[in-house]
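Comments concern the structure below.
The values are calculated or read from the model by the stated rules, or taken from the named source; none is laboratory data. The model shown is predicted, which means the values in this text are computed figures rather than measured ones. Virtual Cβ from ideal backbone geometry, glycine too; neighbours counted across all protein chains shown.
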Amino acid sequence: MSPGIDLLLRSPNSYDLVARALADMRRCKVWPTPLNFELWVRIVAEPSGALATEVRRLMDAGEPITEAKSAELAAAHLAHLVSCSNLGAASEKLAQQIDTIGRTLADAQRHQAAYGRTLAGAKEVIADADPPGLTQMIQSLTEATRLVQSQTSALERRLNDSTSEVQRLQQNLDLVRRDAMTDALTGLANRKAWDEGIERAVGEAARSGEPLAVAILDIDHFKRFNDTWGHQTGDQVIRYVASVIARLGAEPRLAARYGGEEYAVALPGETAESTVSLLESVRLEIASRSLKRRSTNEELGAVTVSIGIAQYHRGETVASLLERADVALYASKNGGRNLVTNGEVALKSVA
């Protein structure tokens with residue numbers, strides 16, 4: 001499994017990665033806009049990834065990479081970044097609306113305080129006022145009361161409007177936050193959601209002493225599908241496998257698209273041994289169906305996955321746990337593919 005791009009950009013190799021991205025942009029005659037730079041860093045970092053494959057296809061067909069095309073590519077392949085940007089904008093709007101409510105309440109408090117001072121002054125005047133002064137004071141109180149009533153009515157309207165707007169913004173914020181944590185192609189949790197979720201799961205297992213199993217799944221010979229049938233059919237295969245894996249993801253479990261044609265599943269409270277039969281059923285279900293190309297109804301044949309399982313060991317890091325699951329995955333690959341490998345069994349045999 002290749003390291004994540006964010007990790008690469010924080011490594012000593014980041015300068016070389018950026019230099020190669022800029023050089024490739026110059027070679028391809030692509031303007032170094034912030035969006036194009038974001039795309040090209042990922043293209044250079046993952047030359048066999050879906051984004052790089054799509055860009056090569058466009059350039060081979062002689063299609064220029066315009067700003068509009070870059071935006072389409074970003075929407076398709078960098079959805080998590082777009083969602084995070086939307087999340088920030090929605091949060092800012094919600095904060096502004098809440099600030100408006102705060103200012104409205106502060107204004108109301110000032111008006112009420114002024115009215116209170118008017119009443120206090122009136123009390124003192126009434127105590128020793130002559131009839132003409134009393135009449136004047138009554139008129140003053142009547143006017144102050146009318147003003148406060150008008151201000152209170154306006155406040156109620158503003159608060160009602162603001163409350164409705166806050167509710168709408170909160171709903172929008174919830175949707176944007178959910179989008180920011182969801183893989184656009186499959187509907188599974190995305191890599192950001194996985195990274196946060198597995199950190200929480202490992203932390204909870206460390207505190208409680210309860211078991212935690214992790215599985216990494218990879219579509220076998222996926223590059224062959226892409227090369228033979230094209231990117232759209234490759235996406236169809238990715239979605240199909242995800243639809244089967246999604247049934248493993250009910251809380252407290254977490255199922256995610258880990259990257260490209262890889263998936264990851266965290267299973268809190270379960271051991272590696274107890275999950276083998278569950279993952280075997282997933283493997284068999286995926287392999288049991290012969291897919292057809294949606295656009296032409298051509299037979300694609302069966303899709304298979306290789307699976308590696310690891311179990312959390314007290315005191316180990318998230319990176320170590322995932323690395324062991326990855327080793328088990330490649331044991332399945334090296335064993336002929338379309339297999340489930342329990343890495344804990346292999347670990348015991350070595351020990």
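For region 295-337, a residue qualifies if it is in contact (Cβ under 8 Å) with a residue 24 or more places away in the chain and touching a helix residue (DSSP H, G or I) at 6+ places or on another chain (Cβ under 6 Å), and the qualifying residues are V303, T304, V305, S306, I307, G308, I309, A310, Q311, Y312, V318, A328. Just one of (1) in a helix (DSSP H, G or I); (2) more than 21 Å from the chain's Cα centre (by Cα); (3) within 22 Å of G260 (Cβ to Cβ); (4) at pLDDT below 60 fails for N36. It is (4). With respect to the conditions (1) in contact with a Leu (Cβ under 9 Å, 6 or more places away or on another chain); (2) of a type in the set (A, V, I, L, M); (3) surrounded by fewer than 17 Cβ atoms within 10 Å (Cβ to Cβ); (4) at pLDDT 95 or above, L284 falls short on a single one, namely (1).
May I ask you to say which residue of A45, A79, A61, A74 is at pLDDT below 85, surrounded by fewer than 16 Cβ atoms within 10 Å (Cβ to Cβ) and of a type in the set (A, V, I, L, M, F, W, C)? Before the answer, list the steps.
Values: A45 fails: surrounded by fewer than 16 Cβ atoms within 10 Å (Cβ to Cβ); A79 fails: surrounded by fewer than 16 Cβ atoms within 10 Å (Cβ to Cβ); A74 fails: surrounded by fewer than 16 Cβ atoms within 10 Å (Cβ to Cβ).
Going through A45, A79, A61, A74 in turn, just one is at pLDDT below 85, surrounded by fewer than 16 Cβ atoms within 10 Å (Cβ to Cβ) and of a type in the set (A, V, I, L, M, F, W, C): A61.
Please indicate, with yes or no, whether at least one residue in region 327-342 is assigned to a strand (DSSP E or B), modelled with pLDDT under 95 and surrounded by 15 or more Cβ atoms within 10 Å (Cβ to Cβ). The answer is no, given that none of the residues of region 327-342 is assigned to a strand (DSSP E or B), modelled with pLDDT under 95 and surrounded by 15 or more Cβ atoms within 10 Å (Cβ to Cβ).
Return the residues of region 292-306 that are assigned to a strand (DSSP E or B) and either over 14 Å from A242 (Cα atoms) or among the hydroxyl-bearing types (S, T, Y) (or both); say none if nothing qualifies. Once the filter is applied, which keeps residues that are assigned to a strand (DSSP E or B) and either over 14 Å from A242 (Cα atoms) or among the hydroxyl-bearing types (S, T, Y) (or both), region 292-306 yields K292, E299, L300, G301, A302, S306.
Quick one: in region 215-248, which of the residues that are outside any helix (DSSP H, G or I) and closer than 27 Å to R324 by Cβ is modelled with the lowest pLDDT? Lay out the reasoning, then the answer.
Of all residues in region 215-248, those outside any helix (DSSP H, G or I) come to 215-221, 230.
Filter once more, keeping what is closer than 27 Å to R324 by Cβ: 215-221.
Working: A215: 97, I216: 97, L217: 97, D218: 96, I219: 95, D220: 94, H221: 90.
Applying the filter and picking the extreme gives H221.
Do we have L254 as assigned by TED's automatic domain parsing to the domain that holds F225 and touching a residue at least 60 places away in the same chain (Cβ under 8 Å) here?
Values: assigned by TED's automatic domain parsing to the domain that holds F225: yes; touching a residue at least 60 places away in the same chain (Cβ under 8 Å): yes.
Yes: the conditions hold for L254.
Taken residue by residue, region 263-278 has no member that is at pLDDT below 95, surrounded by 17 or more Cβ atoms within 10 Å (Cβ to Cβ) and in contact with a Lys or Arg (Cβ under 9 Å, 6 or more places away or on another chain).
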